[in-house]
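Here, each number is a calculation from the coordinates, and none is a lab measurement. The model shown is predicted, which means the values in this text are computed figures rather than measured ones. Here Cβ is always computed from backbone atoms with ideal geometry, including for glycine, and neighbour counts include all displayed protein chains.
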Amino acid sequence: MTSRAAPPRVELRRVTKVFRRGRERIVALGPIDLLVLNREFVSIVGPSGCGKSTLLNIVAGLEQPTSGEVLLDGQPAPERLGRVAYMHQRDLLLPWRRLVDNVVLPLELRGVPKHEARRRALPWLARFGLAEFAEAYPAQLSGGMRQRAAFLRTLLAERPLLLLDEPFGALDALTRAGLQEWLLALWEELDRTVILVTHDVEEAILLSDRVVVLGPRPGRIVVEVPVDLPRPRAYDVVTHPRFVELKARVLGALRNQTLPEVHRDGP
Ligand SMILES: Nc1ncnc2c1ncn2[C@@H]1O[C@H](COP(=O)(O)OP(=O)(O)OP(=O)(O)O)[C@@H](O)[C@H]1O
Ligand SMILES: [Mg+2]
């Protein structure tokens, strides 16, 4: 039997999205061609409003592309909802559920009995520094706690493909660095594919195998920067000369896209 490489976990073929708002037509995205391999960690960066969340919504199946096709594991996947774990840009915790009950929601939806779901979640709550607040309601938590809870809920969905939209956006620098390191270690130990949307270029490089830079709306791929830093990585890789070079490249690509009208004098 001939062995073949696994098909890409996600493939976007000429995907576009056009929204209609009344009589207005908003071309939000594309055309985009993108391959994400099994167990790959890909970050997407781009200016605000360029269509990053729209792209994740399309991969998740919450939106359908206006044209083009989405394949999961090499197969056209018109019914994708429920096949991926998705952490939205807004945390969307249910206000009437305690923290722990929010976190175990994906397990409950899969039919895991509540006490068993809670038992599985407890060590994770501790790892995320949330154990003390397990019985609190979202309104009683800080923004950072809500975001960690939403992130944990996404992990507990136990899907091979994770879509993360600014998962650490509302966190202070220290908590953020801690969670980045933690995600790095977790991804290296688990069999997951990740697409991460972030505004933080260092975060993108630290975590990813590849950084995809989108231009302004309608977002199209401007450049893909492979991150050839060795793994396992630790946070101190940010001082590595290669890291600094990659960061300059991604920032340069972003700057060229976002400030086309700026004329710079001198060097
Ligand atoms: N449901 C919708 N109806 C109409 N327009 C929409 C809808 N969703 C998104 N848009 C528009 O599509 C464009 C892309 O939005 P999107 O939320 O994908 O951007 P983004 O890159 O995620 O931005 P940010 O970095 O600020 O989160 C924006 O102009 C937005 O106003
Ligand atoms: Mg967004």
Express in nm, to one decimal, how much length is gained between Glu189 and Ala131 on full extension, taking 0.36 nm for each residue of separation and deducting their alpha carbon distance.
18.6 nm
I need the calculated FRET efficiency for the pair Val18 and Tyr235, taking r as the beta carbon distance and R₀ as 45 Å, to the nearest 0.05.
0.65
Ranked by GNM mean-square fluctuation in the chain (Cα springs under 10 Å), the top entry among Phe133, Phe19, Phe243 is Phe19
What ranking do 160-172, 204-216 get when scored by the average of other Cβ atoms within 10 Å per residue, highest first?
204-216, 160-172
Listed by chain and number, the residues whose amide H is under 5 Å from that of Thr193, excluding neighbours fewer than 5 places away on the same chain and using placed H, are Arg39, Leu161, Leu162
Can you give me the relative contact order of the stretch 93-158 as a percent, contacts being Cα pairs under 8 Å and 6 or more apart?
50 percent
Once phi is turned into ³J(HN,Hα) by the Karplus curve 6.51 cos²θ - 1.76 cosθ + 1.60 with θ = phi - 60°, what whole-Hz value does each residue of the stretch 129-144 show in order, with x for glycine and proline?
x, 10, 4, 4, 9, 3, 9, 7, 8, x, 5, 8, 9, 6, x, x
Nearest 10 degrees, 0 to 90: helix 173-189 Cα axis against the chain principal axis
90 degrees
For n ≥ 4 DSSP H runs only, could you compute -39500 (n - 2.57) per run for the chain, divide by its residues and tell me the 222 nm figure to the nearest 500?
-10000 deg cm²/dmol
Pull up the DSSP beta bridges for the chain and report the antiparallel fraction as a percent, rounded to 5.
55 percent
Hey, what did the chain get for relative contact order, percent, Cα under 8 Å, at least 6 apart?
24 percent
Translational diffusion of the stretch 169-249, µm² s⁻¹ [Kirkwood Rh, Cα pairs; Stokes-Einstein; 4 °C; 1.567 mPa s]:
96 µm²/s
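Hull surface divided by four, with the convex hull built on the Cα atoms of the chain: how many nm²?
18.1 nm²
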Which distance in Å, rounded to a whole number, links the C-alpha centroids of the stretch 184-205 and the stretch 223-251?
13 Å
Quick one: if you stick a label point 7 Å off each Cα along the C-beta vector at Gln75 and Arg249, how many nm between them?
3.6 nm
Taking N as the number of residues in the stretch 93-158, the ratio of its alpha carbon radius of gyration to 2.2 N^0.38 Å works out to 0.97
If N is the residue count of the stretch 1-154, its Cα Rg over 2.2 N^0.38 Å rounds to 1.25
Where a label projected 7 Å from the Cα of Ala6 along Cα→Cβ would reach, residues of the stretch 200-220 with amide N under 19 Å
208-210
Modelled label-to-label distance, His199 and Asn256, 7 Å Cα→beta-carbon offset: nm?
2.4 nm
For Lys52, go through the lysines and keep the ones whose alpha-carbon is under 27 Å away, minus same-chain ones fewer than eight residues off.
Lys17, Lys247
